[in-house]
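Colleague: Handing you a structure now.
Here, each number is a calculation from the coordinates, and none is a lab measurement. Predicted model only: the values in this text are computed from it and were never measured. Virtual Cβ from ideal backbone geometry, glycine too; neighbours counted across all protein chains shown.
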Amino acid sequence: MSVSVGFISLGCAKNLVDSQIMAGYLKAGKITLAASPESADIILINTCAFIDIAREESAESILSACAHKANGDCRAVIVTGCMVQRYREQLAEAFPDVDGFLGIDELDQIANLVTMVSEGDERLMFAEEGEATRIFNPLYPTLLFTGGPFAYLKISDGCDHRCAYCSIPDIRGSFRSRDDSAIHEEAFCMVEAGVRELNMISQDTLNYGADKPELPSIEALLKRIDVIEGSFWVRLLYSYPSSVSTELLELLNNSSHVCKYLDLPVQHSHPEILTAMNRAAAVEAIQDLAERVREAVPGIVLRTTCMVGFPGETEEHFEHLMKYVERSRFDHLGVFIFSPEEDTPAFDMDDMPELEVAEERCRKLMEIQAGIVQEKLQTLVGTEDELLLLRQEGDLWIGRLPRQAPEVDGETIVDGVPAEAKAGDFVRVLITGGGDYDLEAEFMR
Ligand code: SF4
């Protein structure tokens, strides 16, 4: 009985890669992938459970898919991902109209689950109890849900840092690296298939290989990918601040493909707050992080995230963070307000600042950053850079510079691109201006 499956993939890029892997197993199982969830026989929702708003979005998607089924517009609903991993039976109770559930250790069981659901089997829970321990390589040919010349290359799963506010280790399990040959093969296949930007992701990217003595370090893995023939960028995302090695900085200076770009979430600057966050290991590294990395790699672009409103954060702690952000002058900065997560140590901590206070601190940090972005923009105008063409919009093209990671750092609007250009081309541009978020440029060659 042929059925089609339509994906709704929520949450982070790592979850998107899991959706791609499941799509590969469905194809291998001769199960059709629908062009859209609306047109599918079975709607699959790959959920996120990181924080409240993510769970709400997942719940809304599940409810609307079940309503779609109740209207007879699809035959079944399957829920996968972090909500299943974290809540299992509770989730099944909360959503009685869902036909099947799949945990993150069971991605390779998706075709079986779809077949059994489509044959009308009773509600199915494919999610082993306990911590997730497996890591999956894509089946070839594999699908890229990013659509276009960039893709995510997931190199490990899980995390051992156990920051006091974070539920990810409980959901995704302990840190575990993929096999380096499998990663190299995937990178090679991506470049062969025309992918021009490989975004290397995990929860703790620079920790690659630390869990298995037979595996190379992140620097050695990058060097192996760097010798792949072709025009492409490699970008490192989600790196723990104290894991930045001298060898990595040298590699960023000398590599052919790795962008001079680092995403280093610091979360805070004050030693007392970092210690309370269980990030004491990063206190020293964070203090002069931006200056040190810039000195070692001239022209490097730095992204970070900060969290305000953590339990115990005083005005003095926040002053320290403001001065840190002013001094560090990150190119890109995201600010989050602490959200108490059940089953995390921070959930039971006292002295959580009032929400209004946290919101005001968030506003102040973003205001400082907006000023820094404007000043940096002035220094960018009149300079030229390489740009990856993404899509055409009327007479203009939209692309990204090495300084712009997908989905978080804005894009560049390019004028004067010749008619024969196509998505995936690298071109030279002259930066002519920009706003708070996107840049403007002119085509050079
Ligand atoms: S390093 Fe990131 S993923 Fe790991 S526990 Fe900390 S916040 Fe969570």
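Colleague: Need one number: convex hull volume per residue for region 346-399, Cα atoms only, in Å³. Before the final figure, lay out the partial values.
Modeller: On the way: hull volume 10.5 nm³, N = 54.
That works out to 195 Å³ per residue.
Colleague: Starting from the Cα of E214, step 7 Å along the direction of its Cβ; do the same at L396; then give the gap between the two resulting points in nm.
Modeller: The answer from the label model is 5.3 nm.
Colleague: Within region 297-314, what residues put their amide N at less than 19 Å from the label point 7 Å along the Cα-to-Cβ vector of M444?
Modeller: Taking a point 7 Å out along Cα→Cβ of M444, the residues of region 297-314 whose backbone N falls under 19 Å are 298-301.
Colleague: Additional query: So what is the relative contact order of the chain, in percent, for Cα pairs below 8 Å that sit 6 or more residues apart? Intermediate values should be presented prior to the final figure.
Modeller: Details: 884 pairs, mean separation 43.0, N = 445.
Relative contact order here is 10 percent.
Colleague: Additional query: Show that you can apply the helix-only estimate: for the chain, add -39,500 (n - 2.57) for every DSSP H stretch of four or more residues, divide by all residues, and state [θ] at 222 nm to the nearest 500.
Modeller: On the way: 13 runs with 152 residues, N = 445.
Result for the chain: -10500 deg cm²/dmol, rounded to the nearest 500.
Colleague: List, largest first, the extents of the alpha carbons of region 167-246 along their principal axes, each in whole Å.
Modeller: 37, 25, 22
Colleague: Going by amide H atoms built from the backbone, whose H comes under 5 Å of the H on E341, apart from near neighbours?
Modeller: F347
Colleague: Under a 5 Å amide H to amide H cut-off, with H placed in plane at 1.01 Å, what residues pair with G433 once short-range neighbours are removed?
Modeller: For G433, the qualifying residues are E440.
Colleague: What FRET efficiency comes out for the pair A28/E316, r = Cβ-Cβ distance, R0 = 41 Å, nearest 0.05? Intermediate results must be reported in sequence, preceding the final value.
Modeller: On the way: r = 57 Å, r/R0 = 1.40.
Efficiency, rounded to the nearest 0.05: 0.10.
Colleague: What FRET efficiency, computed as 1/(1 + (r/R0)^6) with R0 = 41 Å and r the Cβ-Cβ distance, is obtained for D288 and A182, rounded to the nearest 0.05?
Modeller: On the way: r = 37 Å, r/R0 = 0.90.
So, using R0 = 41 Å, E works out to roughly 0.65.
Colleague: Could you give me the ³J(HN,Hα) list for region 104-115, computed from phi with Karplus coefficients 6.51, -1.76, 1.60 and θ = phi - 60°, whole Hz, x at Gly and Pro?
Modeller: Rounded to whole hertz, the list is 7, 8, 10, 3, 6, 9, 4, 5, 4, 4, 4, 4.
Colleague: Same structure, new question: Considering the alpha-carbon set of region 4-126 alone, what are its Rg and its Dmax in angstrom?
Modeller: Radius of gyration, then largest Cα-Cα span, for region 4-126: 12.7, 36 Å.
Colleague: Now, a different point. Over the residues of the chain, compute the C-alpha Rg and express it relative to 2.2 N^0.38 Å. If you can, show how the numbers build up before the last one.
Modeller: Numbers: Rg = 22.5 Å, N = 445, 2.2 N^0.38 = 22.3 Å.
After normalising by residue count via 2.2 N^0.38 Å, the value is 1.01.
Colleague: Just to check, using Stokes-Einstein with a Kirkwood Rh over alpha carbon pairs, what's the diffusion coefficient of region 288-390 at 4 °C and 1.567 mPa s in µm²/s?
Modeller: Numbers: Rh = 15.7 Å.
It comes out at roughly 83 µm²/s.
Colleague: Sum up the charges of everything whose Cβ sits under 12 Å from the Cβ of I135, counting Lys and Arg as +1 and Asp and Glu as -1, but leave I135 out.
Modeller: Working: positive: K14, R134, K154, R172, R176, R178, K212; negative: D18, D105, D108, D157, D179, D211.
Local net charge: +1.
Colleague: For region 384-443, what is the Kirkwood hydrodynamic radius in Å, using each pair of distinct C-alpha atoms?
Modeller: Working: mean 1/r = 0.0896 Å⁻¹.
Value: 11.2 Å, from the Cα pair sum.
Colleague: Full-extension gain between D160 and S174, please, as 0.36 nm times their residue separation minus the C-alpha to C-alpha distance. Each step should come with its number before you reach the end.
Modeller: Values: separation 14, 0.36 × 14 = 5.04 nm, distance 0.55 nm.
Value of the extension gain: 4.5 nm.
Colleague: Still on this structure: With each pseudo-label sitting 7 Å past Cα toward Cβ, what's the A70-T305 distance in nm, one decimal?
Modeller: Simple spin-label model gives 3.4 nm for this pair.
Colleague: Under the rule of at least 5 residues apart or a separate chain, name every residue whose amide H is placed under 5 Å from the amide H of L333.
Modeller: T304
Colleague: Same structure, new question: What is the local net charge at G194, summed over the other residues whose Cβ is closer than 12 Å to its Cβ (Lys, Arg +1; Asp, Glu -1)? Walk me through the numbers before you get to the answer.
Modeller: Values: positive: R196, K422; negative: E192, E197, D425.
Every neighbour counted, the sum reads -1.
Colleague: Taking K and R as +1 and D and E as -1, what net charge do the other residues with C-beta under 11 Å from the C-beta of A65 add up to? Mind showing how you got there, number by number?
Modeller: Details: positive: K69; negative: E38, E60, D73, D97, D99.
Cβ neighbours under 11 Å give a net charge of -4.
Colleague: When each pair of different Cα atoms in region 101-212 is counted once in the 1/r mean, what is the Kirkwood radius in angstroms, to one decimal?
Modeller: On the way: mean 1/r = 0.0629 Å⁻¹.
Hydrodynamic radius (Kirkwood, Cα only) of region 101-212 equals 15.9 Å.
Colleague: Calculate the spin-label point distance for A296 paired with F347, positioning each point 7 Å from the Cα along the beta-carbon direction, and give it in nanometres.
Modeller: 3.7
Colleague: In the calculated pair distance distribution of region 150-376, what percentage of Cα-Cα distances lie above 21 Å?
Modeller: When every Cα pair of region 150-376 is considered, 58 percent fall beyond 21 Å.
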